Structures are given as C-alpha cells and as structure tokens.
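Following: one structure in structure tokens, then a few remarks.
None of the figures in this text is laboratory data; all of them are computed from the coordinates on show. Note that the coordinates shown come from a computational prediction; the quantities given were computed from them, not determined experimentally. Positions of Cβ are backbone-derived with ideal geometry, glycine not excepted, and every protein chain shown enters the neighbour counts.
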Amino acid sequence: MSVVSRRSFLAQSSLASLALLAGPTATAVALPRAGTNAAKRSVGSFAPPLFDPELLRTLARTTISAAVDAGADYADVRVNDQRFAGFESVITGRLFYNAGFGVRVRVGAGHAFVGGIDMTPDAVTRAARSATTTAKGLAKMAGTSPSWVTGPAATGEWTTPMEIDPFEMSVEDQVFATCGYGHMNRFNVLVTAFFQWLVETRVVASSAGTLVTQQLARSVPLLFLKGRSKQWYDPELYLSTFGVAPFVPSTAGFEAVLGAARHDQVDRALEEFSSLFGYPVGDAEPGRKDVIFDGGAMANLAGATLLPALSLSSVLGEEQNAGGISFLQPPEQVLGHLLFSPQLTFGVETGGTHFGTAHWDDEGVPLTSYPLIERGTVVNYISTASNVGALASWYGQQKRPVLSPGGSWTEHANNPPQGAPGALVMTASPSGPSIEEMIKSVKDGYYVYGANIRGDFQSAGGVIFPDILFEIKNGRITRRILNTRLEFGTKKFFKQLTAIGGPTTMRTIKNDSYSGVPWGMVTQSVAAPAVHVQGVDILANRG
Amino acid sequence: MTHRKSMQSMQSHPRSHPRSTLTVAEAFLRERAERAETPGASRRVFTRAEATALADAVVQMTSNPNLGATITHHAVAVTTIVRNDRLKCVDSDHLTLRIGTRLGCNIYVGVETSIRDLTLLQQVIKRTEMQVAPVIQSEDTPLSAADDPVKSFLGPRTYLPVELWHDTTIDAMEHQRGVVLAQMIEQFRTANLLGAASLAVCARAEIHRYTAGRTAWGESTDSEITATARMMDGTASGWSGEAHRDWTKLDGVRVARQAIAMANRNRGAVRLEPGRYTAILGPAAVGALVVQMSPLFEAVRIDGGSGPYGIPRTPDGRENRLGQRVADPRITMWTDHNDPDGGDYPFFPDDGFPSGNNTWIKNGVLTALAYDVEYGMRRGKTPYKAPTAIRMSGGTTSIEEMIATCDRGIYVNRFSGVEVVDGPSGSMTGTTRDGCFFIKDGKIKTPVTNFRIYQSPFLSLNNVMALGVPQRVAFGFMPPHGGGHFGEAVDRWPLDPVIVPPLMVHDFNFSALCDAI
C-alpha cells in the first residue's frame, strides 16, 4: 500500500483543484467538469450503484402485488439504493452503502409498516404479507382514523439536475478541496470543511397505480469557523463554531463548493469572524431588552419551534407519547387566525437548489412550495397523504382539493416516511434593512450571532443559548457578553417581531430533527433573515 | 440465559377485560402466528451460525491481513396507540456491515453497508481495498514501524460472553404485543382520557471478526412499554413506562393505569414561583439526567480541561479529577457488560474492542474514564466507550418516605428534552413533564405547572438527601446524543438500560416556568 504525504499529494493534484487555493481568478477559469480527472479514481468507481433501477422497480411491483393479494386496502412501498460519501479537511473519508425497502399497508383503520434490507422478491413478499397480516389484526382493535388521501397515481422518472456529479470527482480532489479550505486558517480562526454527498435511486410504488423512479442527490457541504485558543474552555477566548454561508444543505453537485464567489465569501466570513475577537467581554444586564437576531440564530429558532409545531402529526396528537403535542392546536382554533406578527411569513420551498428537491415525495405526490404562515396567519400544516384528510374542513373552506402538498420523506426506505419537507424559508423583507442598519436602530439591547435553541415538548417556548452575544448601546456594538441565556414563549416571540431584515441578512442552516414514532432523524434546511424583536427576557449567569 | 415459556403460561396471568377485546386479541394472535411459521422469521436477527458464515465469507474476500469486520443485525418492532384506539405497527430490520482497517492513530479507512448479498459484498470489499491504497497520511501524525501503536492494538483480546437474550421477548415480537395492546386500549377507553402508548421490542446480534483470527459474538433482546394519558381538554397529563430485556417482566396494564392515575392527580395544576427547591425525582427523572452524563466521562474531553471532571491545565500538569470525590459517598455508578438487567450496546464498539465491566464512580470517587480508539492509543489506554448503559447504587427510602420528610419541595415524575448545554460545568436543561407536584409539610399539596430546569447533575449528586431502590427506567422517545449521518435513529430504540434510584436532593434549580402541558 502506498501512502502519499499531503505535500506529494499537493504536487500531483489537478489544476482544477489547485485553482481552489490559487484564488478567485484561477478558480473561475478552471472549474472541473466530470471526466476531467479521469487519471484518478472517482468516488463513484469505489461506490457505484449496486442495483439496477429496473430491479428496484420489480421489487416494488412485487411488494405491492403481495400486499394486495394478502388483502391490503392500500399499500405503498419505497425501495432505495443509497450511497453516501463524506470527506473532511482533517483527512477522513467515509463511505456508506444502504439499500432497503419499506412497505406500508392499510387495512381498515389498521396501519402497519415493515422495513427490510434483503433486496429479494422473497423478502419483499414476506414483508408485504406480514404488514398486511398485522394491519388486519390492528384493524379489528382500532377505532376510526382519518382516511388516507392518496391523490392521482403518478408514473415516470426524474433525475436531480447538477453541474458536477460529486461521485465523478476523484477521492484526491475531494480531499484536496476540503484541505484547501482548511488551509485558509487565520491566526485565531480554524477552518474545517466537511463535504457530505448522498446519491440514490429511489422507487416509490402504490396499489393506487403509482410507480416513480428518481435519481436523487443531496449535498451537505459544510464549512465551519471556530475561534482558536490554547485554552478553548476559557470563555473569554473561545468562540463557538459557525457554519459559513453559502455552504448549506442543497440539491446540487460538487459545484456547490467551488468557484470564485465561494472563495470570496469564505474570506469575508473569516474577516468578520476574526473581528469579533476585538470587543471587550462582560456580563449582561438582566431584564427585557430589544434584541437583533442574525439570520442563523433565527433559522435555528424557527427550526426548533415553528417547524415541529406546524407538523400535522404533532398537531393531531400522533406524537403525544413521544415528542409531544404541538401548541398550534386544535386546527380549527389555529388555521386562518392571526397568531403572529403580520411581518412573519414562513413556508415550504422546493425546486432549484433547495435542499430535498425532487419531483415526487415518498408517497408519490408531486412536491410543491406552499405557505404555512402568511403575514402572521397560520394557513396550513406540514401534512402527508396519510393525515391530510384531517384538514378536509379547512381545505373545503378554502375551496381547495384535499390533497397532500408533498413532503413525505424518510432518509432510509426501511424506516417509515413522515412529513418532512426538505427546505423551509422565513421570508426576508424585500426592502428590509441590512444587519448594520438593524444594529444602528437599537439604543439599548443585544445582538445574537448564531444560537442553539432548546424548545419544550410542545414547541411553546424554550431557551436561546447565543453562540455569541453582543451588547448594543446607542446603535453600536460595545461588548461581547458571556454566560447569558434568553428565554422565550414561541407565540409571544413571533408576535413581537418589529422588523425583518432584507435579503442580505438571510442565512441557511442544517436542521437535524427527530420525530415520528418510532422516531427517525431527518435533515432539513431552514433559512431566515435577521429580525428585531422587542422585550426579550435576558437572564444573566447560565447557572 | 435463555428463557422459554409456552404461550399458555404467558396467557395465564389474571386479566379482567371484556370478552370482546380478548376475542379480537386472540384473532390477532392467530393471524400473527402465520408469520411465525415462516422459517427463520421468528428469530428476527441472524443466528450465530449465520453471522459466522457471513463474517467468514467477508474475511475470505480480502487479502488484507488487518481487516476488521463488524456486522450488526437489529430488528425493532414498535406498536403505537394514538388517541386511545388509532393503531400503527412499525417493524424494521437494520443490518450494518462495517469493514475497515486502521492505518494509524488517526486513520481508519472503511466502508459501511447494509448489503449482505455475497456477490455484491465482494464488489464492495474489493473497492474498499482499492480505496485504502491512495490514503493520504497527515504530516501531523507520522507513523513509523518502530513506534506504530497499531501493532499493539492488533494483539489478542478477551471477550466476555454476552448473555442478554430472552426467547420470551422474541415471542412478544410475534405474538404477545397484540394481547397487551387490547388491554391497554381498554384502560384508556374506560378512563375517558386520551391515551397514547408505544410497545417496543427489539433483537440485536453482532459479530466482530478480524482477519488475524479474532472473533466475538453477542446477542440481546430488549423491550419497553410507555404510555401517556391526557385530559380531553389538554389541561393535564401523566406518563409511565417500564423497560426490561425480558418482555414477561413488563405489565402494559400497570403502565397504562399508572399513566392514567398520574394524569388524574395532575388536574388543576397551579403556578409555583421558579427557584431552588428540594426535589424528589422519580426514577424516570433521574434516568433522564444520568443518561446525558455519558459523554462527560470521555477522557479526550476531560483531559482537554472540559467538563466537570476536567481541570484546566495547571503547572503541575494535573489533567482530570480521577481519584477525587465527585459525588456523595453513597453514589456508585458502573457498567456491567453482562448485567442481566443492564448491559450495553454495541457489544464490540470502536474497532471491535470488547465492552467489559467498568466502575465510573465508586463511593463518590471518580475511578474511570472512557477512551476512544484514537485517544486510547495515543495515551496507551485500553479503549472503552463512554457508558450508554449505567447502573447506579441506591438506598432503601421509598418515594412516600421522601415526601414525608420534605418540608417544602417538588416531586418530578419525569423530565423531557434534557441536554447538556454547558460543557465546562456539565449543566443540563430540560423541562418537567407529565406529573409535577408541590410538597409542603410532608405531603403533596397541589399539582404545579411545568418548569424548565437548569442544573448540573454533579451538583445533584453531591446534594443527595435520600436514595430509593434502583430500577430500570423507560425512555420512550429519546433521540441519541448528537447528530448522525443521514437517517440514523430508529435502530437505537430502546436506549441502553439505565438503572437508577429515585433521589431526594436539595437546592435543585427549577429555573423558569414552562407553559407546555
């Protein structure tokens, strides 16, 4: 086995990758394209698809036939062949293959799901029969439940568009790109790049006639900045870890991490981050204050509160014994009511490079963009075909057909799908202020730069732990504040929004959440602008 | 220890339920029995012979003399009740084959897959071997033949047998869940409350094989029943849960009744000013704090000065609090690989290093730290993963006796969403949930609305006033520590056993009111 040093590797690397370090001009002219680094082994050569899509379709058809033959009223199945590759600038590489299937069966009011990993006709047939048998048994004990609204049958194929397939890039160039960013360290800021690429063939079929095949790709390229000191535990020297825009979860290829614009943005982020060390440190004054939240902090807050609270499964009590029941219930007292600031608009976005973009969801429903909160009024929930029937009355009032808007998803086919649209966006004010203008507008308050949120089990409130908190006096940042937390009630917080930042303040974060019973993790992206909120409770001294 | 019980004996427990419900349950049983007739279906995870054959095949596919393969097969079945009688069942099967080789302290090259088809596996492994070739060695951590710590790492290891399998639990996966389901539905309907429950059963098997000849095998079963009862108007709720490796030790009716009773007692909750109170923490509440302590035992963090067991570097070079008193002398915390009620998982984590027995805190003194492979090799310590399964010593004081001796305090049934939010102190936040009561003059005076807490468990463990009898706690919905890669989670349910006593502690920080119910 030959071991290549980093130095020798640098010498051998392609011009395309070297351009990454060389700066904007070189990068701009040397974007690598698929096949330009054929001399080296591509990631895909180590991890090609293991199953022909036609085999996956055959397994899907077999599953549905077996379930229907066994007596299912309705059945759907997801079959996937998934490949994951991850590269980090501290030089690690990870590769995962996952293949599996999951069949969901309804018999009367009994619902059953069986997931498996043996990709054979016998195994899927056994699973389909088992699910049907279980659903039959449950149906005899079950009461009523909302009917499933499966919508029109879908058929066809779709492929995620991307410029550079990350699996066609060589392992060397992947590592080089992460290390390239890693070498941008400043004297007091560490830069760590972590690229995660996931591609898969996913087939969804149902007894209603749906059979769709999608070649999906998702990218989670992350680039973190971390304040560096020998004594990182010293709160006066340590600054938290930050993701750098535009390294955000997206539906894109390797182009998401290349280009002059990326390089410039990292440079600017480093400049801004380094400058944060310059402020004197101090303690907060407890009380109620005006607070500016940057886009990252807001996106984290929306992801920890609005997102789970708007999940229809939580609203309907399906997670009563798990994550909890949403505070945004019952639907008849929420939908159509002005509950938040009229400046708040929040919804699901799909298409383009939005994370999770696909043509169909895991129930074969076409994905759509749709509002959840429009100018402060809750207008919809995150639903799926299996529970949207509970909103029939509201949809009727709106003179809209009762159909899932799309967004049912499971990360692995052998786990059950749940309502988890890929990208959620809080709308910026088109002519809204910049972050500097927002800070200038505050006489006595604070500026939260990034935050961790701990919500409660109804998403009704929680605690904000700022990554960095600044004091603002007379429109200027005066000190960096240590050991302080902010408490909030969700409804009150989003009522007290007094200003929404403009498009330049938008930030996107990766939001990993656990939900469902049994719970599963889903990755989503949440984007939000900076906001100005009045009367936020500041509590000094974390203990 | 393999326990076998006939279905007849399992069903002979006294039950008092309407005949119609049992008839339905019996029909359910008959239908489920069809599945059990399928060869191999009843076991749900691979047998030792099957696993060995697969591991042998994998090892024979490679020419690398230092390749390790760990194959984990996990089946989980979860039945849920929502709103009294909406029923859903999720059965899923997870296989992870982790193949890789260690090239140095910091370099591990490997692949993970759920594929077990031998032809496809051969393709994966051949590619993995090719992947090893162009590995880039970091200049920061040179490896030389003379001081290669990997060599000692490859030496022989002793594995203890893992005996945590109960056939009765597997039987429940196929049959008994239906009976319990019907009984719990009946409890919820009769109580006129909104009932929700989860019945989770799992089987796990794992084999570790190293090309140099090392083999280790383990298998376990686990089960858990949890229930929440909620007032129809959403003004109060109660929760209860039980967990055991042997399903026959669980009683779904008892769980439902306790949740219902807790919800009824919790009616009419009043607001109580936040602050520091004497707290009487039920076992589930203690468990929610203790399970979050796991990463705080990691030496790699502690030696960096982080956490309550770390010491910021000082001129004398002292790095951690090993050997120092960190808790009340009545507190001992340990992990026993073969504790029949405990035991951890995975059985052979971190390149197949064996789990064993480790006492983390003995009579209040910190006695052990956890080392991952990389840090263990650098420090010359045997790798031992941070404890996900913990047993804690207890006492003999009942919860009723604790309440009787409390002048002014709060009883907490359980916590929700507990997480460490301050690394240096280990302070955690979370909320009380499903049962919180104000105690005055030795009696429960009134239910109170929920609180947010902000507390270091190390303060709690030093402020102990009384300890009760330890018992395994159920967690129900409890995501694992930290994030994972896409889609991780379901195969981690139920969580590893945490066996803790109810505790009475003074000066517990109920930091704010929480509006959630």
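Some values worked out for this structure:
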{"quantity": "Cα-based Rg / Dmax (Å) for the range A:281-540", "calculated": "18.4, 57"}
{"quantity": "Overall Cα dimensions of the range A:397-465 - principal axes, largest extent first, Å", "calculated": "51, 33, 24"}
{"quantity": "Within-10-Å neighbourhood charge of A:Asn380 [Cβ basis; K, R +1; D, E -1]", "calculated": "0"}
{"quantity": "Charge sum, other residues only, whose C-beta stays under 10 Å from A:Ala142's C-beta, Lys/Arg counted +1 and Asp/Glu -1", "calculated": "+2"}
{"quantity": "Rg over Rh [alpha-carbon atoms, Kirkwood Rh] for the range A:53-157", "calculated": "1.12"}
{"quantity": "Fewest-first sequence of A:Lys443, A:Lys136 by Cβ atoms within 10 Å of each Cβ", "calculated": "A:Lys443, A:Lys136"}
{"quantity": "Spin-label model distance (nm) - B:His506 vs A:Asp444, 7 Å beyond Cα toward Cβ", "calculated": "3.9"}
{"quantity": "Rg/Rh ratio calculated on Cα atoms of the range A:447-506 (Kirkwood radius)", "calculated": "1.00"}
{"quantity": "Theoretical FRET efficiency, 1/(1+(r/R0)^6), r = Cβ-Cβ of B:Glu273 and A:Ser274, R0 41 Å, to 0.05", "calculated": "0.40"}
{"quantity": "Per-residue mean of C-beta atoms belonging to partner chains within 10 Å, peptide B:188-200", "calculated": "2"}
{"quantity": "Kirkwood-Stokes translational diffusion coefficient of chain A, alpha-carbon pairs, 10 °C, 1.306 mPa s, µm²/s", "calculated": "64"}
{"quantity": "Förster radius 51 Å - calculated FRET efficiency between A:Thr144 and B:Lys126 (Cβ-Cβ, nearest 0.05)", "calculated": "0.40"}
{"quantity": "Exceeding the 20 Å Cα-Cα cut-off - candidates A:Lys289/A:Lys473; A:Lys491/B:Lys445; A:Lys136/B:Lys88; A:Lys140/B:Lys88", "calculated": "A:Lys491/B:Lys445"}
{"quantity": "Relative contact order, percent, the range B:269-517 [alpha-carbon distance under 8 Å, six or more residues apart]", "calculated": "29"}
{"quantity": "Relative exposure of B:Leu164, B:Leu289, judged by other C-beta atoms within 10 Å (fewest first)", "calculated": "B:Leu289, B:Leu164"}
{"quantity": "Scattering curve values for the range A:245-304, log₁₀ I(q)/I(0), Debye with Cα scatterers, q = 0.29 Å⁻¹", "calculated": "-1.18"}
{"quantity": "Ranked by how many other beta carbons lie within 10 Å on average, peptides B:422-429, B:61-68 from highest", "calculated": "B:422-429, B:61-68"}
{"quantity": "Projected label distance in nm at A:Gln215 and A:Gln398, using a 7 Å step from Cα toward the beta-carbon", "calculated": "3.5"}
{"quantity": "Extension gain from A:Asn483 to A:Ser434, taking 0.36 nm per residue of separation minus the Cα-Cα distance", "calculated": "14.9 nm"}
{"quantity": "Radius ratio Rg over Rh of the range B:269-517, counting only Cα atoms, Kirkwood formula for Rh", "calculated": "0.98"}
{"quantity": "Mean-position separation - Cα centroids, the range B:342-398 and the range A:400-472, in angstrom", "calculated": "38"}
